Structures are given as structure tokens and as C-alpha cells.
Amino acid sequence: MKNNHNMICDLETGVCGVAGEEEMEVIDFNQPEKSINLYYVTDPICSHCWAIEPVFRRFVEQYGDYFTVHTVMGGLLEKWHDGPIDPANGIYKPADVAGHWREVGEYSRMPIDGSLMIDNPVQSSYPPSRVFKVIQKKHNEKIAFEYLRRAREALFAFNQNISDKTVMIEIVNKLGLDGQAIVNESEQPIGQELLNEDFGLARSIGARGFPTIIMINEENKGVKIVGGRPLEYYVDGLKRALNMEELQPKQQPSLSNLLEKEKLLFSKEIEVMYDVEQSDINSFIEKELPSDRFEVKEILGELYFTTTK
């Protein structure tokens, strides 16, 4: 047999035979540059944004190699006034928010107390939004997003007024930053200027409510997804933006690594990340985490887990 050195067994067909004429092929194993910009338009006091945290985290963890996240503040509440704030949800005054938030917390199982909107209501979502923008500009998207998460935990689960200056300073301090300096800077004209830039960006990409996720490709075409959706909905949107039929998700991080990074996870977040039934959460935690690595607590009928550090 001639050229018997030039034989190959095809991995896909299982057929062995003569290899193609091309003897050498240059292959680039570098990861392609991210071609999708994902704009997440949100607000610190948006209850529906809190509700999508479990799904959005999994989407970013498994498919984040395909896109770059840009978190955009939308300006949900500048201030309370005599007119309707959100008539579709029956919200005209702060106390109206409490019942709506509790409903969102109950169906999403991301706990929301909401009673502070009766006793000590958030007067505006602009102050914590301005702090977010200052952190984003002076530091990076990652730590700004961590601030947003901590602010939402404080507001929804632990019933703290995140428009209060002392509360904002404490949250920023816990990130290892200078809370006093950052909050003070957010109160300067630059804070509102940065926020106004986000408002303009949100309008330009067609965001009219929260949460809105918009994925834009290199051809400046994209997909807009409004409201909370199942994971498959976001994955399908990403496929359309990329014009790809199949995507390769990353393996979920181990629970120990995820908890170390996030510091606090509610049961629902772990269930969604790892496809665990609520009834199996305790056995799953015991299997995945050494007993000295976490603490389990309960709030508003929901379990949450923190690191022991």
C-alpha cells in the first residue's frame, strides 16, 4: 500500500483511511475575544432584580466567557411625591411598597422583609446608585457589583435603609474600601453626572423597566429581555445574539469556591446553581461543604449560608 504512513482514523465517523492532502495545519488555541456586550439595567431597590439573582448568577458563571457585563443604573425612584410612582403595581406611597415586596419575596424565595418601607422608608434610590457609579469608576465592575449585592442583602433581607449615609458607608467599608470617602464623593456633582450618563445609556438601548438585559453583538444588533426569566431564556437570547446554534457552558464552580466568593448565599441560589431540590438542600450542603466552613441561618422562613471566616 502506498503512503501507508498517511492514514488516519476519523474521530467523528469512526472510519479509518487515507488522510487529507493537507499535511500541516496551524491552529489557534487562544480564546476568542468576547464579542457580546451585555447591559444589565437595574436599580438597588428593584425587587424583581433581587428575585432574578439566582438565575442571573448561574448565567454569568456558566456563559460569561461569551460576553462582557456592563451594569447600568436605571433610576427607579428619584423621590416620593403626591402622584403615582408605579401605578401598575398599586404603588403611590412608601407603605404600598411593603406588600408588593413581600409578594415578590414569597414567589421568588429570595427573602424580602419590606417593613422598613412603613417605618423608615427609602426616600430615593439615587444615593446608593451614585455610590455604585463612583465605585465602578474608581475601582472596577466586579467590586461595584459586589457593593450592589451587599446593598440588596441589607435592604431586602435585613431591612436596612440603604439610602441612609451611615448604612452606605458601612457596606462600602466591608468591601475593604474607604466608605466615608466614596460616599462623600458620590454626593459631589460627579456622582450625579455619572448617574445621568447611565440614564442616557439606558434610554439609548431601549430599557424602559427593570430588570432589563440587552445583549448586543459586533454588528450592533442584539436581543432585549425584560423581567425575570428562566435560565434557558437567557441562553437562547445569547445564541441569537451570537448567531450560534450551540454554546459550551462552563462547569459550575464548586459550592465551596462559590460561597467563598459570594460570602452569603440563600437556599434558592444554591438550588438554582446546582439543580438541587429544596427538600435536598441540607444533604447537598453537608456533602459539599466541611462543617467548619459554613454557618446556616434562617430568615423569613428561608435558609441562608455564610462562610465561617
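Values quoted throughout were computed directly from the atomic coordinates according to the rules given, and no laboratory measurement underlies them. Since we're looking at a predicted model, the values are computed, not measured. Heads up, the Cβs are rebuilt from the backbone with ideal geometry, glycines too, and the neighbour counts pull from every protein chain shown.
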Largest fluctuation, 152, 208, 58 only, Gaussian network model of the chain with Cα springs under 10 angstrom, belongs to 208
Residue with peak Gaussian network fluctuation, the chain [Cα springs, cutoff 10 Å], from 293, 149, 240: 293
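Rounded, prolate or oblate, given the Cα gyration tensor of region 255-307, with a/c below 1.5 counting as rounded?
Numbers: a/c = 1.33, a/b = 1.14, b/c = 1.16.
Judged from the Cα gyration tensor, region 255-307 comes out rounded (a/c under 1.5).
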Could you point to the label whose value was computed as Cα Rg over 2.2 N^0.38 Å for the structure here, given (i) 1.37; (ii) 0.98; (iii) 1.20? (iii)
Any of 138/268; 138/261; 138/224; 174/268 with alpha carbons more than 27 Å apart? Name them for me. 138/268; 138/224
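Based on the mean of other Cβ atoms within 10 Å per residue, sort peptides 106-117, 219-230, 121-132 so the most packed one is first.
Details: 106-117: 19.2, 219-230: 14.2, 121-132: 22.7.
Put in order of decreasing packing, that is 121-132, 106-117, 219-230.
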For the chain, what relative contact order do you get, as a whole percent, if you take Cα pairs closer than 8 Å and at least 6 residues apart? 20 percent
